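Note sheet for the following structure.
The values are calculated or read from the model by the stated rules, or taken from the named source; none is laboratory data. Note that this is a predicted model, so its numbers are computed, not measured. Here the Cβ positions follow ideal geometry from the backbone for every residue, glycine too, while neighbour counts run over all protein chains shown.
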Amino acid sequence: MSGLAGLELGTSAPGIILARWLAGAGAGPFELIVSPHILVELERTLTKPYYRTRRSQPQIESAERFVASVATVVVPTIVVSGVTPHPEDDLVLATVVSAQADFLVTGDKQFQMVGAYMGVAILSPRAFLDYLEQTGVEEA
């Protein structure tokens, strides 16, 4: 969740992806998939000083509620262990595999090194944005 910092930059790849997703309010060209674990991690991340100094408590709470209400919440149905560099990333991977997602988008370079797992391509935000543009997925 530390990659959330890039979302503030509207011209960054994460910012553009977020804008496209928000424009479709979850009904756009792609879907945001989260798990209860990811929602807890989001809440924990947003309590860090970096975000506290940039957003008010009501803004942070509003963002958390918005993600929880618009994203697809998936409870992992499989266990992934020892695939990613960090155990908490295995939970993220289990979530997207359980959801039968095509992509997992992350700014974590170590996580990106996994490449793919059980049909899920693990891409950087830039690579995902390039994919959207190359395949003609229109802006939401």
Report task. Being out of contact with any helix residue (DSSP H, G or I) (no Cβ under 7 Å at 6 or more places or on another chain) and part of a helix (DSSP H, G or I) is the filter; apply it to region 85-97 and report the residue that is farthest from Ile33 (Cα to Cα). Result -> Pro87
Query raised in the report: Out of curiosity, is Thr95 modelled with pLDDT of 90 or more and touching a Gly at 6+ places or on another chain (Cβ under 8 Å)?
Result: no
Query raised in the report: How many residues are within 18 Å of Leu104 (Cβ to Cβ) and touching an Asp or Glu at 6+ places or on another chain (Cβ under 8 Å) if we restrict to region 44-57?
Result: 0
Query - Subset of region 98-132 [touching a Pro at 6+ places or on another chain (Cβ under 8 Å), among the hydrophobic types (A, V, I, L, M, F, W, C) and part of a helix (DSSP H, G or I)] - result: Phe111, Leu132
Report summary line: Those helices (runs of 4 or more DSSP H) completely within region 1-84 that have 2 or more residues that are over 15 Å from the mean Cα position of the chain (by Cα) and at pLDDT 85 or above are 49-52, 57-70
**Report entry** Flag for Leu123 being crowded, with 16+ Cβ neighbours inside 10 Å and either among the aromatic types (Phe, Trp, Tyr) or within 14 Å of the chain's Cα centre (by Cα) (or both)
**Finding:** yes
Report summary line: Among (1) of a type in the set (A, V, I, L, M, F, W, C); (2) surrounded by 15 or more Cβ atoms within 10 Å (Cβ to Cβ); (3) in contact with a strand residue (DSSP E or B) (Cβ under 8 Å, 6 or more places away or on another chain), Ala116 falls short only on (2)
Report summary line: Within region 90-99, the count of residues that are surrounded by fewer than 21 Cβ atoms within 10 Å (Cβ to Cβ) and closer than 15 Å to Leu42 by Cβ comes to 1
Query raised in the report: What is the number of the single condition among (1) surrounded by 18 or more Cβ atoms within 10 Å (Cβ to Cβ); (2) touching a helix residue (DSSP H, G or I) at 6+ places or on another chain (Cβ under 7 Å) that Val79 does not meet?
Result: (1)
Report summary line: Taking region 83-96 and keeping residues free of Cβ contacts under 8 Å to residues at least 12 places away in the same chain and either acidic (Asp, Glu) or in contact with an Asp or Glu (Cβ under 7 Å, 6 or more places away or on another chain) (or both) leaves Asp90
Report summary line: Exception for Glu41 within (1) acidic (Asp, Glu); (2) under 19 Å from Gly107 (Cβ atoms); (3) exposed (fewer than 15 other Cβ atoms within 10 Å of the Cβ) falls at (3)
Report summary line: Screening Asp102, Asp108 for residues that are surrounded by 15 or more Cβ atoms within 10 Å (Cβ to Cβ), within 25 Å of Thr77 (Cβ to Cβ) and among the charged types (D, E, K, R) leaves only Asp108
